[in-house]
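The values are calculated or read from the model by the stated rules, or taken from the named source; none is laboratory data. All values derive from a computational prediction rather than experimental measurement. Cβ: placed from backbone, ideal geometry, glycine included. Neighbour counts: every protein chain shown.
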Amino acid sequence: MSEDVGTSTCKPKTSVTGEYSVTNPDQVLENVLENVLIFLTSRRDRNAVSLVSKSWHRAEAHTRSDLFIGNCYSVAPIRVTGRFKRIRSVWLKGKPRFADFSLMPADWGAHFTPWAHAMAGAYRALEKICLKRMTVTNDDLGIIARSFLNFKEIVLVCCDGFGARGIGVIASECRNLRVLELNEDEVLDEEFDWISCFPMEGTSNLESLCFDCVESSVNFDALERLVARSPLLKKLRLNRHVSIGQLYRLALRAPQLTDLGTGSFSLPEVIGQQQDENLELDYGHAFAACRSIICLSGFRDLAPEYLPAIYPVCANLTSLNLSYANIDAQQLKAVIRHCHKLRVFWTLDSICDEGLQAVADTCKDLRELRVFPIDASENAEGPVSEVGLLAISLGCRKLESILYFCQQMTNAAVIAMSKNCPDLVVFRLCIIGRYRPDRFTGEPMDEGFGAIVKNCKKLTRLAVSGLLTDRAFSYIGQYGNLVRTLSVAFAADGDTGLKYVLEGCTNLQKLEIRDSPFGDSGLLSGLHHFYNMRFVWLSSCRVTKQGCLEVARRLPKLVVEVFRRDEEEGGERGDFVNTLYMYRSLDGPRADAPQFVKIL
Amino acid sequence: MDQKKTTLDLFNNVDLATELRLGLPGTDNQPEIIKSSLSGNKRTSSEMGSSTCTDENESRFSPPTKEQVVGWPPVRSYRKNILQVKKTESEMGSGMYVKVSMDGAPYLRKLDLKMYQSYEELMKGLQVMFKCIIGLYFEREGYNGSQHVPTYEDKDGDWMLVGDVPWEMFISSCKRLRIMKSCEARGLGDC
């Protein structure tokens, strides 16, 4: 530590009185401070510390080891490596969330390459990299693999641009690798056996291996051998090419697992491949041996007759993800009635309101629920409705986070949830039918969402849908002072809605709006706040180029990007801007913007 | 387990007392409250695919549309692809289903072409359904880089390579799909 402190040396000086001057007191303070700051981990606290004075700023920069950058374009890599010298872990986020829904053109940006190069030179002790929604190439992975001798963890969430070869390089070069997690990435099909790239001999340090999003099949023998010599492996998430028979073999080799992604959970596709053997296997036995499993996911091609195999582990489960399994209420009931300790549950709406009732009856400790639609089209009826939501609110009082897709909803049910579940931090209701009013009263959904912001005092994340008027947004502005993330789609009425939100939600960080009639006047009402935000996204709204130019003019440190989803140049569709994406940046507009992106 | 009622059932059953009046377009049962909140609201020109609804009332309360709005609902395409495979016979509705066979697979599947808006999405869907890898399409050479080549039978009964014609033309003429082994497909392109 101490060798990096400051650049000044402490030379004794003779002054007029013939006395030596004392060691620069600031130096002493910095030494002490650094030794204290090592213990400070929260980045908010650290940011506060760094603002106290120049020497505190320096001390903090020397002792920060975890770097979090919420928007990769908010700062240039060189500025980061210039300030922080001793980083051990990096968490970098790129594209905004709406990019997941095809609303962002393919080549928009968020490239990891410049960061890879910058960090390769600056952070030789880097151990951990987490990336979300960034484009990472195989070459980038190669740079990581070769630059950081002590590299231990790589987590890629919703990333793209790389393939099996890149994963293979990490596997073969990073001898200290503990964590390799690929989470909902788009991995290029390269027909390359990356599993075999792990060292074949000796004990492996692997603690976590997640490749459920990798579309191509893996070399099972190599996988089995890897698992067999990884005694520390706790988390293993297989892809859908792993059949239940293969899972069985892996489970027997890794009874210490706590987190398992089961792969297909059915028989292999090709008839004849070990089919007969599988019929004899007692899968329940294999699961019973895995006494430590508390988190279960996968079930990519579930053959429901095998579901009973998981009963032995249900009682210990705190997290269960069945969101790829098309099961009905009866099939779910048989499973869920054992799951008393469940805190996180992801499911398809195929379980219907009846299935949700069963969840409410048993899972009294539930904190997070996600209900995904099996049929994404806009229909009049859906398998889940306000009935299911109400049941959950009555049964799961400790609920903190909910994502609920449905076709119809009522204000009454949403209001009930706001009162029954006061601990809600995340409330995301997606009424798939656009502009749908309350199913029974025909009224807009304003009162329901209003009750949520009013009664759920800890709410930080909100997604609204259904028929909404300005009133809903006035509630959000009035009561949503803790809201940091707001998602709006197909909301009705005019500009005032946006004004209410921008003026009222003082903690707003991320605002994503699509297909709503918000225009320039609404946009300009946020000028006082945009510098405090991570980003603002407005697509298919009524914002004009003039409005955007005005924002850019008034806020020079804001990068104001305008583009069209279909990559036509100009960014406008008719009178209005197609997509507006803006964010603050310390280093001005990015140099890698493609042709169709106009930065104002 | 069939939870779906027909559209007409829905609109008949929810007419409770004087409250709900969601009628089909053309009926004059619109409640006052909804009418007033609608006035002056224009839907912005959005990425509506081929939706051509101009009448607001109609677009809000008409029978469910199967038009694909881009990125809506906000479900990642990864999930949509997986779920496509799961649709059961009873939920077919007015989809554009074609039989799909793959050489070497024991039985055929059915796939709703309407779920996709481009060749890229269709390829992804096929790869998920059959757990195969389809090569990259090149105009001159056909498909390169894997053992599987997608072909289709068109209206005239001919077997064609998927990808040559514009998407719209393809879905209107495709009667069935077959994923061939590329060694057999050589006859369609260069050897």
Quiz prompt | Evaluation of A:Glu567 against (1) exposed (fewer than 14 other Cβ atoms within 10 Å of the Cβ); (2) part of a loop (DSSP other than H, G, I, E, B) (one fails), failing number | solution = (1)
Quiz item: A:Val543: within 14 Å of chain B (Cβ to nearest Cβ) and surrounded by 23 or more Cβ atoms within 10 Å (Cβ to Cβ), yes or no?
Solution: yes
Practice problem: Would you point out the residue of the range B:72-98, among those that are assigned to a helix (DSSP H, G or I) and hydrophobic (A, V, I, L, M, F, W, C), that is modelled with the lowest pLDDT? | Solution: B:Val85
Quiz item: Could you count how many residues in the range A:560-589 are touching a strand residue (DSSP E or B) at 6+ places or on another chain (Cβ under 6 Å) and more than 12 Å from every other protein chain (Cβ to nearest Cβ)?
Solution: 12
Quiz item: B:Ser101 passes all but one of (1) surrounded by fewer than 20 Cβ atoms within 10 Å (Cβ to Cβ); (2) at pLDDT 85 or above; (3) farther than 30 Å from A:Pro304 by Cβ; which number fails?
Solution: (3)
Quiz item: surrounded by fewer than 23 Cβ atoms within 10 Å (Cβ to Cβ), at pLDDT 90 or above and in contact with a Ser or Thr (Cβ under 8 Å, 6 or more places away or on another chain), is that true of A:Leu586?
Solution: yes
Exercise. Kindly indicate which of A:Gly166, A:Gly202 is part of a loop (DSSP other than H, G, I, E, B) and more than 14 Å from chain B (Cβ to nearest Cβ).
Key: A:Gly202
Quiz item: Would a scan of the range A:92-103 turn up a residue that is free of Cβ contacts under 8 Å to residues at least 40 places away in the same chain, outside any strand (DSSP E or B) and away from chain B (no Cβ under 14 Å)?
Solution: no
Practice problem: Identify the single condition in (1) in a loop (DSSP other than H, G, I, E, B); (2) over 19 Å from A:Tyr324 (Cα atoms) that A:Val414 does not satisfy, given that it satisfies every other one. | Solution: (1)
Quiz item: Inside the range B:144-188, counting only strands (runs of 3 or more DSSP E) that do not spill past its ends, which hold 1 or more residues that are buried (at least 17 other Cβ atoms within 10 Å of the Cβ) and either of a type in the set (Phe, Trp, Tyr) or out of contact with any strand residue (DSSP E or B) (no Cβ under 7 Å at 6 or more places or on another chain) (or both)?
Solution: B:148-153
Quiz item: Within the range A:29-88, how many residues are loosely packed, with under 14 Cβ neighbours inside 10 Å and assigned to a strand (DSSP E or B)?
Solution: 1
Quiz item: Can you name every residue in the range A:103-127 that is surrounded by 18 or more Cβ atoms within 10 Å (Cβ to Cβ) and either of a type in the set (Phe, Trp, Tyr) or under 30 Å from A:Ala489 (Cα atoms) (or both)?
Solution: A:Leu103, A:Met104, A:Pro105, A:Trp108, A:Gly109, A:Ala110, A:His111, A:Phe112, A:Trp115, A:Tyr123
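Could you check how many residues of the range A:326-348 are within 14 Å of chain B (Cβ to nearest Cβ), touching a helix residue (DSSP H, G or I) at 6+ places or on another chain (Cβ under 8 Å) and either of a type in the set (D, E, K, R) or within 25 Å of B:Tyr78 (Cβ to Cβ) (or both)?
Total satisfying the criteria: 8.
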Quiz item: Out of all the residues in the range A:105-114, is one or more farther than 26 Å from A:Arg64 by Cα, touching a residue at least 24 places away in the same chain (Cβ under 8 Å), in a helix (DSSP H, G or I) and not hydrophobic (A, V, I, L, M, F, W, C)?
Solution: no
Quiz item: If the Cβ limit is 6 Å and pairs must be 6+ apart or interchain, which residue in the range A:402-415 that is more than 16 Å from A:Gly442 (Cβ to Cβ) pairs with which residue that is of a type outside the set (Val, Ile, Thr) and modelled with pLDDT under 95?
Solution: A:Phe405/A:Pro373; A:Cys406/A:Gly382
Quiz item: If we keep just the residues of the range B:138-191 that are on the phi > 0 side of the Ramachandran plot and either among the acidic types (Asp, Glu) or modelled with pLDDT of 75 or more (or both), which is farthest from the chain's Cα centre (by Cα)?
Solution: B:Gly142
